[in-house]
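FYI, it's all coordinate maths here, none of it is from the lab. This one's a predicted model, so the numbers in the text were calculated from it and none came from an experiment. As a convention, Cβ positions derive from the backbone with ideal geometry for all residues, glycine included, and neighbour counts pool all protein chains shown.
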Amino acid sequence: MVKLYALCVFFKGPSEGRLLKAAYDLQSFSFFQRGAVQEFMGFASKTIVERTQAASRQSVKQDAYMCHVYVRADNLGGVLIGDHEYPQRVAHTLLTKVLDDFTAKVPADQWSTGTESSIAFTQLPAYLSKYQDPREADALTKMQNDLDETKIILKNTIEAVLERGEKLDDMVIKSENLSIQSKAFYKTAKKTNSCCSFS
Amino acid sequence: MEIADIENDVLCEKIINDINAVLTRDPDVTSFEIIPTLSYQNKSPVIHVEHNLGLESWCAKHVYDFSHKTILASKLSGSKYIYNDSLVKYLNCALLINPDVTTFWHIRRQLVEKNKLKIQKEFQFAALVLTKKPKASEAFAYRRWLYPFQSAESIDWSIEIGICDRCADKSLSNYHAWSHRQWVLERASHLLRSEILHTEKFIKKHISDYSCYHYRQFVLQTIFDICYYDKEQNEYNSLRDFINFYLVDGVSSVGEIIQTLLPNIDLNATNEDKLKCFLYCCNFAAYDIKFCDDLKNLFGFRESFENHRRASLRFIVENCMRFNSSVECYQQPPVSKLSKFDYSSNAFLMALKKSEGMLGEQHRKWCSLFLNFDYSDNSD
């Protein structure tokens, strides 16, 4: 599939990633899974932003999903979750554009203290739906060449992004942001060896 | 029977009644799924929110076992297959949890034949099963079996297409959904036009799912077989661009296109419908070749692009050869019989052969095997 599921903007503070705004498109998941999927995508986005150095880009593969992350030198970060068919260059170009737009609309002094409800930036759902079709990015592709020379680092699993000694399973169990329901989904999915596909 | 077993049975009976209560109360249930839960909680495992029905995973096995047991006991003891109406509720639960039991679907068929089940309800039930398992071949087969009971004017085939579309979207390479869709299309040729658009949209979202490409080839072949064409269409831009890619002396008018593809044809002796359909279909295939090239530019190499491009190319070349060698092409001889076809008389096919031959050794081999192009003399 060529699909985008989630688009989030974070501020990468010294101790943790702070979610400033998020948008999801989870219609392709079955009804009772959507809540858990959304929590997981939020959880994965935050985890990856926290483990991405400032001024760098990563694309992290996890099962059928691809998490594209870009953290700028000023610690503003964007995460785009799609599937692995979605063109990587387009994803990163879109992230650049979203963060530029965000910077233009939200003053930088709000970043370190802002929350999802306090930040006035409502464009994310529109971006997410428009760029479901990567052809929409045709105008952007001209920009692709200008895409800054930051190399995109490819990682094959979330585990590869984690710091030494960290384990995804432990993090899921410990996380306070995940409900019991979501943890049940995680375990079941893992058991059937199709983590996060939830089918 | 031990007390634990009796308690278990009572509980299962209650859950089964709960599920059926939802099915009766809410005729618009749109989806069913098993919700993963880690342990038993002291509340009803049947969850019903906004027309979506869920069953907590911890009880699914027990409910299924109990339903299975009850149905089979009734089948064995029942005098000559006279089932009582309450059997339906066990059938509902068993098939929702595990749709792959032919016997259970068969009991439903018998009940339908005895007028114990309403056709409309049965259509809904099979559709509900498909939301839980999009590859449930038995549910598709059941829907096909139900259709003869419908009066022809009350059938809306686009609903059936919609179900196929959702099922194919949910699971990759869904053979059952796509072959069901072919079955629908054979009965609803008025949907051919919209299927051209639907499949293009689907391919853009599922670029590697070859099932859809194959179905699109089926659509093209069906259009050709029933001799359909768009009476409004007088321009064949995709086909023109396709020809101009190979030929130095480009073509522009429809007359030139015909002259290029079919140099030996006597227009007065040719069935006009046949010719227009030929142009319409070749234009479709040429459009797809361009479509595959565009997809390749955007997404990079995929086997599906390559295979679909070849299928479209083959369609054009084969039908050009057939049309050229027998104007009355009602019987279509296989291309191998056309091996004597002298394409040196056709400048366009010569140019195409040469150009395609330069796309690598593998493609060249494919061309000589499937298009009967002879590359043995390297003079080309």
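Ignoring the sites themselves, what is the longest stretch of chain B with no GluC sites (Glu not before Pro) in a DSSP loop and at most 16 other beta-carbon atoms within 10 Å?
B:51-231
Strictly over 22 Å apart at the Cα level, which of A:Lys151/B:Lys201; B:Lys14/B:Lys61; A:Lys130/B:Lys290; A:Lys12/A:Lys151; B:Lys75/B:Lys114; B:Lys89/B:Lys132 would you flag in this model? Let's see the in-between values first.
Values: A:Lys151/B:Lys201 33 Å; B:Lys14/B:Lys61 15 Å; A:Lys130/B:Lys290 24 Å; A:Lys12/A:Lys151 20 Å; B:Lys75/B:Lys114 16 Å; B:Lys89/B:Lys132 18 Å.
Correct reply: A:Lys151/B:Lys201; A:Lys130/B:Lys290.
Among B:Val251, B:Phe291, B:Ser238, which residue has its Cα positioned farthest towards the positive end of the charge dipole of the stretch B:209-312, with +1 placed on the Cβ of Lys and Arg, -1 on the Cβ of Asp and Glu, and the dipole taken about the Cα centre?
Going by the charge dipole, the pick is B:Phe291.
Would you be so kind as to identify which of B:Leu96, B:His48, B:Val112 lies farthest towards the positive end of the dipole of the stretch B:1-149, taking Lys and Arg as +1 and Asp and Glu as -1 on Cβ and the Cα centre as origin?
Among B:Leu96, B:His48, B:Val112, the one farthest towards the positive end of the dipole of the stretch B:1-149 is B:Val112.
What does the charge dipole of the stretch B:1-149 about its Cα centre add up to, to the nearest 20 debye, if the Cβ of each Lys and Arg holds +1 and the Cβ of each Asp and Glu holds -1?
720
Only Cα pairs under 8 Å and at least 6 apart count here; give the relative contact order of chain A as a rounded whole percent.
28
Against the longest alpha carbon principal axis of chain B, how many degrees, from 0 to 90 and to the nearest 10, is the axis of helix B:272-299 turned?
For B:272-299 against chain B, the angle is about 70 degrees.
Give me A:Phe185, A:Phe11 sorted ascending by neighbouring Cβ count inside 10 Å, so fewest comes first. Please list the in-between numbers first.
Numbers: A:Phe185 26, A:Phe11 22.
With the sparsest Cβ surroundings first, the list reads A:Phe11, A:Phe185.
Rounded, prolate or oblate: which fits the stretch B:227-380 when a ≥ b ≥ c are the square roots of the eigenvalues of the alpha-carbon gyration tensor, with rounded for a/c under 1.5 and prolate only if a/b beats b/c?
Numbers: a/c = 1.62, a/b = 1.20, b/c = 1.35.
Verdict is oblate for the stretch B:227-380.
Going by how many other Cβ atoms sit within 10 Å of their own, how do A:Val69, A:Val49 line up, fewest first?
A:Val49, A:Val69
Could you tally the net charge around B:Thr131, taking each other residue with its Cβ under 9 Å from the Cβ of B:Thr131, Lys/Arg +1 and Asp/Glu -1?
Within the 9 Å Cβ shell, the charges total +3.
How much net charge surrounds B:Asp241 when only the other residues with a Cβ under 14 Å from the Cβ of B:Asp241 are counted, with Lys and Arg +1 and Asp and Glu -1?
Cβ neighbours under 14 Å give a net charge of -3.
Relative contact order, percent, of the stretch B:222-287 when contacts are C-alpha pairs under 8 Å separated by at least 6 residues? Intermediate values should be presented prior to the final figure.
Details: 43 pairs, mean separation 36.2, N = 66.
Relative CO of the stretch B:222-287 lands at 55 percent.
Which value, in debye to the nearest 20, describes the size of the charge dipole of the stretch A:4-162 about its Cα centre when Lys and Arg Cβ atoms bear +1, Asp and Glu Cβ atoms bear -1, and nothing else is charged?
120
Tally Lys and Arg at +1 and Asp and Glu at -1 over the other residues with C-beta under 10 Å from the C-beta of A:Tyr5: what net charge comes out?
For residues surrounding A:Tyr5, the net value is -1.
Can you tell me which of B:Val129, B:Val112, B:Val317 moves the most in a GNM of chain B? Springs connect C-alpha atoms under 10 Å apart.
It is B:Val112.
With a ≥ b ≥ c taken as the square roots of the eigenvalues of the C-alpha gyration tensor of the protein assembly as shown, please select rounded if a/c is under 1.5 and otherwise prolate if a/b is larger than b/c or oblate if it is not? Mind dumping the intermediate values first?
On the way: a/c = 2.55, a/b = 1.21, b/c = 2.11.
Oblate.
Please list, in chain and number order, the residues 5+ apart from A:Lys21 or on another chain whose amide H is under 5 Å from its amide H, with Hs placed from the backbone.
A:Val9
Decide, for the stretch B:1-149, between rounded, prolate and oblate: order the square roots of the alpha carbon gyration tensor eigenvalues as a ≥ b ≥ c, take rounded if a/c falls under 1.5, and otherwise choose prolate if a/b is larger than b/c, else oblate. Provide the component values of the computation, followed by the final result.
On the way: a/c = 1.89, a/b = 1.20, b/c = 1.57.
Since a/c reaches 1.5 but b/c is at least a/b, the shape of the stretch B:1-149 is classed as oblate.
Of A:Ser182, B:Asn372, B:Ala4, which is farthest along the charge dipole of the protein assembly as shown in the positive direction, counting Lys and Arg as +1 and Asp and Glu as -1 at C-beta?
It is B:Ala4, whose Cα lies furthest towards the positive end.
Which of the DSSP-defined H helices in chain A satisfy a minimum axial length of 20 Å, computed from C-alpha atoms, and a minimum mean Kyte-Doolittle hydropathy of -0.5?
Qualifying helices, which must be both long enough and hydrophobic enough, are A:34-50, A:88-105.
With +1 on the Cβ of every Lys and Arg and -1 on the Cβ of every Asp and Glu, and nothing else charged, how large is the dipole of the protein assembly as shown about its Cα centre, in debye rounded to the nearest 20?
1040
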